[in-house]
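Everything below concerns the one structure shown next.
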Amino acid sequence: MTKRLHIQPSSIDVIAKDRMVLASPRKVNLVAKMIRGMAASKALDALKFCKRAVARDVRKTLLSAIANAETNHSLNVDLLKVKEAYVGKAIVLRRFMARAKGSGSPIRKRFSRLTLVLCETED
């Protein structure tokens, strides 16, 4: 058995989750890796001009995390930083496409789970 590392968020960490992103975890992780460790305002700009289609979903989740920080925890939006951004697997829809001679080939539509953790820096 493998042990899972559970990260306990501190009192000033703000979490936003998107459980059903219609993209494979590999593609979402490329965008999440890009914003990991950035300031929230710079991450929003980077996602706005990113050419990947999944960047729109990541940007929505980041905006949700910023809104959570402002409304629920009364944190300063200018000091927020993306502490963690990680991606996991969700469901896989299985479809079949008709092929030649009465056969079929599988199509897998993979979904991802995206979790963003923001914290307030001391700058």
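The values are calculated or read from the model by the stated rules, or taken from the named source; none is laboratory data. Just so we're clear, the structure is a prediction, and the values are computed from it rather than from any experiment. A quick note on method: Cβ atoms are made from the backbone with ideal geometry, for glycine too, and the neighbour counts reach across all protein chains shown. All accessible areas refer to the heavy atoms of the entire protein, side chains included, with ligands and DNA or RNA removed. Shrake-Rupley method; radii C 1.70, N 1.55, O 1.52, S 1.80 Å.
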Given (1) within 20 Å of the chain's Cα centre (by Cα); (2) farther than 16 Å from Pro25 by Cα, where does Ile91 come up short, assuming only one miss? (2)
Any residue in the stretch 75-96 that's free of Cβ contacts under 8 Å to residues at least 12 places away in the same chain: show its pairings with residues that are open to solvent by 40 Å² or more (accessible area, probe 1.4 Å) at Cβ separation under 7 Å, as long as the two are six or more apart or on different chains. Phe96/Gly104; Phe96/Pro106; Phe96/Ile107
